[in-house]
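S.K.: Okay, here's the structure, questions in a sec.
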Amino acid sequence: MKKIKQDNYQQWSKEYQKMRGVPAEQDLKYNLSGIPIKPIYTAHDIKEETLSYPGEYPYTRGLYPTMYRGRGWSRRQLIGLDTPERFNERQREMIKAGSNAVSLIFCNSFYRGYDADAVDPLLVGTCGTPINTIEDMEIAFDQIPIDKISIALNDPIGFTGLAMLLVIADRRGIPYSKITGTSNQSDFISHFVANHMFYRISLEGSLKILLDHIKYTNKYVPNWNPVSIVGQHMQQAGATPAQALAFTISTGITYIEETLKQGLLIDTFAPRFTFFYDISISMFEEIAKFRAGRRIWAKLLKERFGAKDPRSLRFKFHGQTSGAELTRQQPLNNIVRVTIQAMAGILGGAQSLHTDSYDEALGTPIEEAARIAINTQNILAEESGIADVIDPIGGSYYLERLTDQMEEEVWGYIQKIDEMGGMLEAVRKGYVQKVIGESAEKYQRQVDSNQKVIVGVNKYQIDESEDKRPNLTRVDQKLVQKHLKRLENFKNRRDKSKVDEALSRIVSATNNDELNIFEETILAVSVGCTHGEIIETLRKCYGFGHPNIV
Amino acid sequence: MERQIKVLVTKIGLDGHDRGARVVASSFRNAGMEVIYTSPWQKIEDVVNITLQEDVDIVAISSLAYDHLIVPKLIEALQSEGLGDKKVLVGGIIPREDEEMLLNAGVKKIFHPGETLDSIVEYVENIMGKTSMK
Amino acid sequence: MEFLGIIEGIKSGNKRALARAITIVENNEENYLELVSKIYLSSGKAHIIGITGSPGTGKSTLVDRVASKLHMDGKSIAIIAIDPSSPFSNGAILGDRIRMSNSQKNPDIFVRSIASRGQVGGLSKSVGNITTLMDVFGYDCILIETVGSGQSEIEIMNLAHTTIVVTAPGLGDEIQAQKSGIMEIANLFVVNKADLPSAEMTANQIQQMLHTESVIKRKKVPVLLTSALEDKGIEDLIEKLEVRWDEINKTGERERIENAHATYKLTESLKEKFLSYIENEILNGAEWNDIFKQVMDRKINPEYAANHLFTRFLKKEADV
């Protein structure tokens, strides 16, 4: 460590106290994670030189030696459009415009495990694309070169989305090894504890389905990331950044332990683990979260699981700016919020980033808002110079201290969950849900009592009786009816006996460790089983997963 | 003895984001109300059934992703079971364009993001005439 | 709904009327006593089953599975699920329904959530009245799920024909149960979450304890293993419930139980009346302040003062 020539801390401290009336050491603020923040950080606050280089264990400063100098983060906007046709149209436009990544958000009916014909037509396509059959998927990916682009499927337990994609690959004569991408949010535990977007099969059943998915892709789809562990839901549901980091890492430990039990070797599957986080506006705290996350994950993989391959140690994450922090009041202010959140993600070393549209607190984004969102990333990447230097605020006394504190805080939770018997047990007991619920309530109380300022909400409000927002985009019910008609025709056309046989094979796979559920799922979608039928079958075998709400 | 206000806090439709519902439910509890709290994705007939069996005063629906579009169907179903006297509140992300439709359908009040918990509680206490018996 | 309409409604199977009547009873609304008295004669048919045990034993799920299986066997079922009230705000989150996924989806099963409202004796009074309403409505079985903590658990035996005590492996419940006397009130013991590895061991420990002196005089209490989540062991439990119901009806045990219930309810109600009377007549009476001062000055001792007040009170009553 560089010696400080002359340390005037005492002098400064005296001045500070004189002006503020309290000693600096006691003039504390607290960040979202409850870590005390002092008015100043100095060389006294940091340990001996712990800073490694980027790409060097334990990766505090970044996963790769070159970071954004070598390759920028992926600007990955998750898009759901109301019908497969419209999704396809938009994606083809984006590929023409130079995009090399596709992401698909399905309709909420899909996430609840139903086909579009099983829910109220008013809700079909409101939040994503309804994909029920292989036919829908073929429409969605028509003329999209699935062997040349990276594909993120927001594809929860059941993994029918990837199954359909692989059937398309078969039909186009593309080898599975050419298929790259991620089963986004395949982390069923996160859905069990927060947001409950996708959760619908019991914990035990979900575990077997995930493990089969890992085993299958490990063997046949080697460039696919089957595991994406999600802190985003937890933080959106109220967890503090430290809690979200801790709970995801504990989840990662559980998935690793369970996969090891299946006989896979750590270095064959760990490199395919990815993470997905929320990025709040608490900028330094978020940067510290990601730096601490890299450190903890690397240490765990190396020391606890004996991983040798450096790729196994890398804590790769996708970040999404926090939607819960966006306000309905003076919505344009959200553009500023998103910018700060995005900066935190970039300074934290994200591998890919999604920026929210400013109008998310009002409904589904309009086109202009979506464009501003992606341009926020473009401006940061290409105008601001933020990506010119690797880990540009590394070495800041404050950030380094905060990273250490964040790490300490997170290890505390991890240890507690270890003692409870791991993440599955902690979730069964409702511990994680309780912690998240309490944090959410505490936050809301701080907002309500103006301890936490939200501009336009509890301070600097204006009269907003007149809504200047442009018209909403609405799902065209005619398109929904057309989609439903197509589903009906598809169901009438297919060979019912093959469908029944395929579903009964899935049933056999659920209670036979020799058979692979995912393999049977691929077969099932290829003979015309619908998403809803497959999930219903799994749900019958394993039971419905009721979130343990505390 | 003072009659306690009984509230059903629930989510209908397909979305599972329940942070708002949870926080509101616990504020009602902290204000001395008795709260029936359910998991998300309740079917309309389930909500009618709970409302009937539990004899709640208030049905509070949290919606973040267009599930509010089926609230009019819920109110219709409540009415046809003779539960039209229950007060239906909606909170969450409700586009301004849909407010009129909801209010016309019989929703008592819509709460948007940014509303304080205290003001929601106060509203409920007011419409229930808190200190008097029903 | 009008008062008479409610009574008629209950008798003719109108659920809305039943729900409203429960609210009246729960809140001690003005005419609640008249309501329960008017229909009392028609009660006394249902098998009332209490389910008690610590939080975390999976009681709600167990109640849910038992209810739906009984329903499949052709029985009509009502459930009273009691959750604790917050001692600070008196409010409550009534969340048991969430765990009753089968019953909640089945409109034939009537589930009512009740907050404990911090009362001990009072709760059993209003829950007792609610069972009367449900009984008259025509439910064959009424399942009462208790809060699951504290001494009030014992009270369930004053309401139920059959008390099921639920435990789960690894909670250390065995020892707790022995201390609190909850072992003695069990007619059936259930070790739930039998999928957990130490379930058998827990069951054995309970068997052992049941053979200790204090309970040895009683009939053998069955100890069952269930896994409500996996729907295992439920049929066995139901069979035991049915056997017990037949048996207590045949042997006159039911009469003995109901005799005890009536004694309890009657004496508790009397105590309550006397207490409030004493509060009005003595604690707020003319002499109180004077006597109290003498006690504080140590001129007379509290017990002597009580005797004095009581004698004076009796004399005054006789004079009236």
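The values are calculated or read from the model by the stated rules, or taken from the named source; none is laboratory data. Note that this is a predicted model, so its numbers are computed, not measured. Quick reminder, even Gly has a Cβ in these numbers, built from the backbone with ideal geometry, and neighbours come from all protein chains shown.
S.K.: Which one is surrounded by the fewest Cβ atoms within 10 Å (Cβ to Cβ), of the residues in region A:431-456 that are within 17 Å of A:Q232 (Cα to Cα), among the hydrophobic types (A, V, I, L, M, F, W, C) and at the interface with chain B (Cβ under 9 Å from one of its Cβ atoms)?
M.R.: This residue is A:A440.
S.K.: Also, I was wondering about something else. Restricting the search to region C:77-114, which residues are surrounded by 17 or more Cβ atoms within 10 Å (Cβ to Cβ) and charged (D, E, K, R)?
M.R.: Correct list: C:D83, C:D96, C:R97, C:R99, C:R112.
S.K.: Continuing with this model, one more query. Scanning region B:16-61 for residues that are touching a His at 6+ places or on another chain (Cβ under 9 Å) and modelled with pLDDT under 95, which turns out nearest to A:V119 (Cα to Cα)?
M.R.: The selected residue is B:W41.
S.K.: Can you name the number of the only condition in (1) surrounded by fewer than 22 Cβ atoms within 10 Å (Cβ to Cβ); (2) at the interface with chain B (Cβ under 9 Å from one of its Cβ atoms); (3) within 24 Å of C:E230 (Cβ to Cβ) that C:R117 fails?
M.R.: (3)
S.K.: While we're looking at this one, here's another question. If you check every pair at least six apart or on different chains, which have Cβ atoms under 9 Å apart with a residue in region C:266-282 that is more than 18 Å from C:H308 (Cβ to Cβ) first and a residue that is at pLDDT 85 or above and not small (G, A, S) second?
M.R.: C:E268/C:N158
S.K.: Ok, one more. Taking region C:23-49 on its own, how many of its residues are in a helix (DSSP H, G or I), exposed (fewer than 14 other Cβ atoms within 10 Å of the Cβ) and within 14 Å of chain B (Cβ to nearest Cβ)?
M.R.: Of the residues in region C:23-49, 1 are in a helix (DSSP H, G or I), exposed (fewer than 14 other Cβ atoms within 10 Å of the Cβ) and within 14 Å of chain B (Cβ to nearest Cβ).
S.K.: Here are A:E425, A:E441: which of them is modelled with pLDDT under 90 and part of a helix (DSSP H, G or I)?
M.R.: Answer to the check: A:E441.
S.K.: Looking at region C:256-296, which of its residues are among the hydrophobic types (A, V, I, L, M, F, W, C) and not in a helix (DSSP H, G or I)?
M.R.: C:A286, the sole residue that qualifies.
S.K.: Moving to a separate point now. Inspect all residues belonging to region A:181-198 and state whether any of them is under 25 Å from A:S109 (Cα atoms) and surrounded by fewer than 23 Cβ atoms within 10 Å (Cβ to Cβ).
M.R.: There is at least one residue in region A:181-198 that is under 25 Å from A:S109 (Cα atoms) and surrounded by fewer than 23 Cβ atoms within 10 Å (Cβ to Cβ).
S.K.: Something else about it: Out of all the residues in region C:12-20, is one or more more than 14 Å from chain B (Cβ to nearest Cβ) and either among the charged types (D, E, K, R) or more than 20 Å from C:S103 (Cα to Cα) (or both)?
M.R.: yes
S.K.: Could you please let me know if A:S312 is at pLDDT 95 or above and in contact with an Asp or Glu (Cβ under 6 Å, 6 or more places away or on another chain)?
M.R.: The answer is yes for A:S312.
S.K.: Follow-up question, since we're still on this one. Among the candidates A:T248, A:T274, single out the residue that is more than 30 Å from B:G92 (Cβ to Cβ) and among the β-branched types (V, I, T).
M.R.: A:T274 is the lone residue from the list that is more than 30 Å from B:G92 (Cβ to Cβ) and among the β-branched types (V, I, T).
Quick grid of which residues meet (1) within 14 Å of chain A (Cβ to nearest Cβ); (2) under 19 Å from A:G363 (Cα atoms); (3) part of a loop (DSSP other than H, G, I, E, B); (4) not acidic (D, E):
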position: B:V48; (1), (2), (3), (4): no, no, no, yes
position: B:A65; (1), (2), (3), (4): yes, yes, yes, yes
position: B:H68; (1), (2), (3), (4): yes, yes, no, yes
position: B:I110; (1), (2), (3), (4): yes, yes, no, yes
position: B:S119; (1), (2), (3), (4): yes, no, no, yes
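S.K.: Still on this model: Can you tell which of C:E253, C:E303, C:E258, C:E242 is of a type outside the set (K, R) and closer than 30 Å to C:L196 by Cα?
M.R.: C:E242
S.K.: Away from chain A (no Cβ under 14 Å) and either under 14 Å from the mean Cα position of the chain (by Cα) or polar (S, T, N, Q) (or both): does that describe B:G32?
M.R.: No: the conditions fail for B:G32.
S.K.: Just for helices (runs of 4 or more DSSP H) wholly inside region A:124-223: which have at least 3 residues that are among the aliphatic types (A, V, I, L, M)?
M.R.: Qualifying helices (runs of 4 or more DSSP H): A:134-140, A:160-172, A:203-220.
S.K.: Among A:P365, A:P310, which is within 14 Å of chain B (Cβ to nearest Cβ) and of a type outside the set (F, W, Y)?
M.R.: On inspection, the qualifying residue turns out to be A:P365.
Here is a yes/no grid of residues against (1) touching a Lys or Arg at 6+ places or on another chain (Cβ under 7 Å); (2) among the hydroxyl-bearing types (S, T, Y):
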{"residue": "A:L245", "(1), (2)": "yes, no"}
{"residue": "A:S250", "(1), (2)": "no, yes"}
{"residue": "A:I281", "(1), (2)": "yes, no"}
{"residue": "A:R311", "(1), (2)": "no, no"}
{"residue": "A:Q320", "(1), (2)": "no, no"}
{"residue": "A:G348", "(1), (2)": "yes, no"}
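S.K.: Mind checking which residues of region B:70-102 are more than 7 Å from chain A (Cβ to nearest Cβ), touching a Phe, Trp or Tyr at 6+ places or on another chain (Cβ under 9 Å) and β-branched (V, I, T)?
M.R.: Within region B:70-102, B:V90, B:I94 meet the criteria.
S.K.: Quick check on my filter: what residues within region A:127-173 are of a type in the set (V, I, T) and closer than 17 Å to A:Q91 by Cβ? Steps first, answer last, please.
M.R.: Within region A:127-173, the first condition is being of a type in the set (V, I, T), and the residues that meet it are A:129, A:131, A:133-134, A:139, A:144, A:146, A:149, A:151, A:157, A:160, A:167-168.
Residues satisfying the conditions are A:T129, A:I131, A:I139, A:I144, A:I146, A:I149, A:I151, A:I168.
S.K.: Pairs please, first residue from region B:48-62 and more than 18 Å from B:G106 (Cα to Cα), second anywhere and among the β-branched types (V, I, T) and surrounded by fewer than 22 Cβ atoms within 10 Å (Cβ to Cβ), Cβ atoms under 8 Å, 6+ apart in sequence or on different chains.
M.R.: B:D55/C:T23
S.K.: Just one of C:A78, C:A92 is free of Cβ contacts under 8 Å to residues at least 60 places away in the same chain and either more than 14 Å from chain B (Cβ to nearest Cβ) or of a type in the set (A, V, I, L, M, F, W, C) (or both); which is it?
M.R.: C:A92
S.K.: Here's a follow-up. Please pick out the residue among C:L62, C:L70 that is within 21 Å of C:I154 (Cα to Cα), more than 12 Å from every other protein chain (Cβ to nearest Cβ), touching a residue at least 60 places away in the same chain (Cβ under 8 Å) and buried (at least 18 other Cβ atoms within 10 Å of the Cβ). Spell out how you get there, then give the answer.
M.R.: Working: C:L70 fails: within 21 Å of C:I154 (Cα to Cα).
Matching residue, one of C:L62, C:L70: C:L62.
S.K.: Here is a list: C:R112, C:R20, C:R16, C:R65. Which entry is assigned to a strand (DSSP E or B) and either touching a helix residue (DSSP H, G or I) at 6+ places or on another chain (Cβ under 9 Å) or in the same structural domain as C:E239 (by TED's automatic domain parsing) (or both)?
M.R.: After applying the criteria, what remains is C:R112.
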